[in-house]
Amino acid sequence: MADCLFCSIIAGSIPSAKVYESEKLYAFLDLNPANKGHTLLVPRNHCQDILTVDPALGKEFLEAIQRITPAILAVTGATGFNVTQNNGKSAGQEIFHLHWHIIPRFAGDGLKLWQQHTYDSQEEMNRLATAIKVQIGL
């Protein structure tokens, strides 16, 4: 896609600090990392989000994450990591090309991923679960 930042990076029109590539995936360091070593893993073929990606890529994404992450941990000395993926503007997606964040974590690094909430009651939680199952078709 011509106006997609990540497509331009994959095409080599915009430089990146590439850490991994395969026939279907490309990984590079985030320019604005949560921690040093923060890596983005993207499909080479443009798709907007996880709902539009070819599900057949799931295995390759997982294998790439399992290959890339130990290297990030070894190089950065991180003691943990987050793998996150945002879908839609309200969820924090800023570039509308599917991408996974691999974020190295350190004790006391101050990162907090989200504020937790609670349900008003068990009944409210059960109603929501039932409505979701109905929508799925279960």
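Before moving on, here are some points about what is shown:
- Across all directions, the shadow cast by the convex hull of region 5-50 built on its C-alpha atoms averages 3.4 square nanometres.
- A helix-only calculation puts the chain at -9500 deg cm²/dmol for mean residue ellipticity at 222 nm, using -39500 (n - 2.57) for each DSSP H run of at least four residues, averaged over all residues.
- Lysines whose Cα lies under 17 Å from that of residue 59, excluding same-chain neighbours fewer than 8 positions away: 24
- Cα-Cα P(r), region 22-74, percent of pairs per 10 Å interval: 22, 52, 25, 1
- GNM remark for the chain: springs join alpha carbons under 10 Å apart, and the peak mean-square fluctuation among 29, 111, 40 falls on 111.
- Summarised as an ellipsoid, the chain has semi-axes of 29, 21, 14 Å, derived from the eigenvalues of the Cα gyration tensor scaled by 5 and square-rooted, with the largest first.
- Set of lysines near residue 18 by C-alpha distance (under 19 Å), chain-local residues within fewer than 8 positions excluded: 36
Readers should treat all values here as calculations from the given coordinates under stated rules, not as data from a laboratory. Everything numeric in this text was worked out from a predicted model, so none of it was measured.
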